[in-house]
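Student: Sharing a structure below in structure tokens format, with a few things to ask.
The values are calculated or read from the model by the stated rules, or taken from the named source; none is laboratory data. Treat the numbers as computed from the prediction; the structure is a model and nothing was measured. Quick reminder, even Gly has a Cβ in these numbers, built from the backbone with ideal geometry, and neighbours come from all protein chains shown. The area values use the complete protein model at the heavy-atom level, side chains included, leaving out ligands, DNA and RNA. Shrake-Rupley method; radii C 1.70, N 1.55, O 1.52, S 1.80 Å.
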Amino acid sequence: MILYPAIDLKDGHAVRLVRGEMDQATVFNTDPAAQARAFQDAGSAWLHLVDLNGAFAGEPVNGAAVEAILAATDIPAQLGGGIRDMATIEMWLKKGIARVILGTVAVENPDLVRAAARAFPGQVAVGIDARKGRVATKGWAEETDVMVTDLARQFEDAGVAAIIYTDIDRDGAMGGPNVQATADLARATAIPVIASGGVSSLADLIALRDTGAIAGAISGRALYDGALDLGQALAALA
């Protein structure tokens, strides 16, 4: 199971939110590129980047910070937030992002996801963010009646590289991930599932790993707060 340290970008800084609330942002590092380099130096194999402003704006906002991260590191990074058309997908992949994450458009324009996955094999992931099993979009600001498993199954034959599943009520709350719901989703689809939201301790990571079904886990706040030691976590998962 791969551990993805998270760098959430707001106004050019590395921040963490609680349950997606933009007005509850805590700035952890004013230099996201330095933070990314620190994660790489600790042994991380991947980075998980989110343009939070972009998720609300529907277009890239923290592009300069993302490019600085790419220049400062040489491990692959996946990026979500405000990526809603083919031109933006192509732009980020050309700039060196290894994998784009499509969230809102997966609900609103699933054909775009399929077209992108065909055009860029292995480089397109679907972000599924949910409250109580129902998908939320537009930076979690809008809730839908779409069920998580139904959305995931729409992309079974599309060539999507991964599904990033976030339980919004757990995100940034340091209360542990929704292991059962994540494992259930992973077993319901052939697409690799990455857990996001609430990973706050080594025990959480091990619980996710021990399901035998989950391909990866994203952690942010716990790494910044020191509740999770990155080196120790990577060693345990190795």
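Student: Stretch E156-D111 to full length: gain in nm at 0.36 nm per residue minus the Cα-Cα span?
Tutor: So the extension gain works out to 14.9 nm.
Student: Now for a different question. If a paramagnetic tag sat 7 Å from the Cα of M22 along the Cα-Cβ line, which residues of segment 60-92 would have the backbone N under 15 Å from that point?
Tutor: Flagged as within label range: 60-63, 81-83.
Student: Quick one: pull the percent of accessible area on the chain belonging to carbon and sulfur, 1.4 Å probe, ligands and nucleic acids left out.
Tutor: C and S atoms contribute 47 percent here.
Student: Can I ask one more? Using a cut-off of under 20 Å, list every residue of segment 114-130 whose amide N is near the label point 7 Å from the Cα of A190 along the Cα-to-beta-carbon line.
Tutor: Residues 114-127 fall inside that zone.
Student: Something else now. If N is the number of residues in segment 1-140, what value comes out of its Cα radius of gyration divided by 2.2 N^0.38 Å?
Tutor: It is 0.99.
Student: Could you pull the Rg and Dmax for segment 171-214, using just the Cα atoms, both in Å?
Tutor: For segment 171-214, the Cα-based Rg and Dmax read 10.0, 29 Å.
Student: Sorted from largest down, what three extents in whole angstroms do the Cα atoms of segment 1-42 have along their principal axes?
Tutor: 31, 26, 11 Å, listed from the longest principal axis down.
Student: State, as an integer percentage, the relative contact order of the chain based on alpha-carbon contacts under 8 Å between residues 6 or more apart.
Tutor: Result for the chain is 18 percent.
Student: Suppose we take every Cα in segment 134-207 and form the convex hull; what volume per residue is that in Å³?
Tutor: 94 Å³
Student: With a probe of 1.4 Å, find how much accessible area the chain has per residue, and write the answer as a whole number in Å². Can you show the working numbers first?
Tutor: On the way: 9310 Å² over 238 residues.
Value returned for the chain: 39 Å² of accessible area per residue.
Student: Moving to a separate point now. State, to one decimal in nm, how far the label point of E142 lies from the label point of I75, with both points 7 Å from Cα in the Cβ direction.
Tutor: 3.5 nm
Student: Report the dimensions of segment 64-205 along its three principal axes from the alpha-carbon atoms, largest first, rounded to Å.
Tutor: 36, 33, 28
Student: For the chain, list log₁₀ I(q)/I(0) at each q in 0.16, 0.18 Å⁻¹, using the Debye formula over Cα point scatterers of equal strength and ignoring solvent, two decimals each.
Tutor: The calculated log intensity ratios at q = 0.16, 0.18 Å⁻¹ are -1.12, -1.49.
Student: Give me the distance in nm between label points sitting 7 Å out from Cα along the Cα-to-Cβ direction at A64 and T30, one decimal.
Tutor: Using points 7 Å along Cα→Cβ, the separation is 1.4 nm.
Student: For D210 paired with T149, estimate the spin-label separation in nm (one decimal), with each label point 7 Å from Cα along the Cα-to-Cβ line.
Tutor: 2.4 nm
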